[in-house]
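Notes follow once the structure below has been shown.
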Amino acid sequence: MARRIAAGAAYGGGGIGLLGAAAVGVVLAEVQLAKRSVGGGSAPLPPVPDGLYGTAYGLADPLRLALLGDSTAVGQGVRRAGHTPGALLASGLAAVAERPVELRIVAEPGARSDDLERQTGLALTDPGRAPDVCVIMVGANDVTHRMAPTQSVRHLSASVRRLRTAGAEVVVGTCPDLGTIEPVYQPLRWLARRVSRQLAAAQTIVVVEQGGRTVSLGDLLGPEFEANPREMFGADNYHPSAEGYATAAMAMLPTLCAVLGLWPETDRLDADRDEGMLPVAKAAAEAAAEAGTEVTGARAPWALLKHRRRRRLPAPVTAEPAPTPDRGPAPAPEASPAEIRGSD
């Protein structure tokens, strides 16, 4: 199915339904029940973490990091800038690179993949200062708003291609598993999981084809969500909590560092961790089923499937966000215990 979705996006196919028509009535009934619980609390307005991180390493020649996507990329659900994924990734990247990192958020709460064109334009506003690396986290709203999956991955593919053409590395956190949202009941939970994983796999295929890398956010950024939903979700029972975003940063930071060459890459694969060289569609399907899995292109049509080891960084360098021309002063993010360093 993921291959069909990706092919439909590439060749202009129409929307390929992810659910049979016979399931629609049941799904709609379950959706009404879920709506009474999901979002029952109120998510605080997302903080603004834009600015310069790792200033202890100096102010000259910072790495430029941009985040695109939806409310998950923005960090909706937490109240402090230092708890957002952007701040966590920027702080962790600065600590690994021993170099300042300039963070810019162009993501938008509620955004779907059809907003990526606008966001990509914002990220590339200054051709002379294109981002060194872009992180995209998108897909959940495509599922909940029933966007045709072929349309969804077509927009994502176009944005990745445009960013790569501009010289930016791209890491995509694929569609999270909406089946882990606690108030969602069966059979909607099973259907949400199926749809989310199919979209995540299709996203992986098109991103790898355009020269980007993906990290599966799987069961909403880690198995901790199913085991500890009260802790890992925020006040509205939908967006991640501070602990949830820390788990997201833990999953994505190793790939972010690897794509920038901050430690040597190796093609040596660890069979004990189920790593391997697989056809891209098979690698995409396996990654969608296991959170934290990285997929990167190899010799077409093959891809590398990796499970990077992750360990906590020592005490991170304090980040002091600086005002940016377009977003204004940002609150100083706090040092997070969840900044992660990965190694092969």
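Miscellaneous remarks
- Per-region count, the stretch 43-94, residues more than 19 Å from Val215 (Cβ to Cβ) and not hydroxyl-bearing (Ser, Thr, Tyr): 27
- Pairs are defined by a Cβ separation below 6 Å, a sequence spacing of at least 6 or placement on different chains, a first member in the stretch 267-288 that is part of a helix (DSSP H, G or I), and a second member that is at pLDDT 65 or above and open to solvent by 30 Å² or more (accessible area, probe 1.4 Å); the pairs so defined are Val280/Pro301; Ala288/Arg197.
- Residue selected from the stretch 161-180 under the condition of a type in the set (A, V, I, L, M) and more than 14 Å from Val215 (Cβ to Cβ), by the criterion modelled with the lowest pLDDT: Leu178
Residues checked against (1) among the aliphatic types (A, V, I, L, M); (2) open to solvent by 50 Å² or more (accessible area, probe 1.4 Å); (3) more than 14 Å from the chain's Cα centre (by Cα):
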{"site": "Thr120", "(1), (2), (3)": "no, no, yes"}
{"site": "Arg129", "(1), (2), (3)": "no, yes, yes"}
{"site": "Met137", "(1), (2), (3)": "yes, no, no"}
{"site": "Met147", "(1), (2), (3)": "yes, no, yes"}
{"site": "Gln151", "(1), (2), (3)": "no, yes, yes"}
{"site": "Ala158", "(1), (2), (3)": "yes, no, yes"}
{"site": "Ala168", "(1), (2), (3)": "yes, no, yes"}
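- The one condition in (1) at pLDDT 90 or above; (2) within 13 Å of the chain's Cα centre (by Cα) that Ser71 fails to fulfil: (1)
- Looking across the stretch 282-329 at every residue that is hydroxyl-bearing (Ser, Thr, Tyr) and modelled with pLDDT of 50 or more, the one that is most open to solvent (accessible area, probe 1.4 Å) is identified as Thr296.
The values are calculated or read from the model by the stated rules, or taken from the named source; none is laboratory data. Predicted model, so just to flag it, every value in this text is computed and none were measured. We place every Cβ from the backbone using ideal geometry, glycine too, and count neighbours over all the protein chains shown. Protein only, heavy atoms only, side chains kept; ligands, DNA and RNA dropped before computing areas. Shrake-Rupley method; radii C 1.70, N 1.55, O 1.52, S 1.80 Å.
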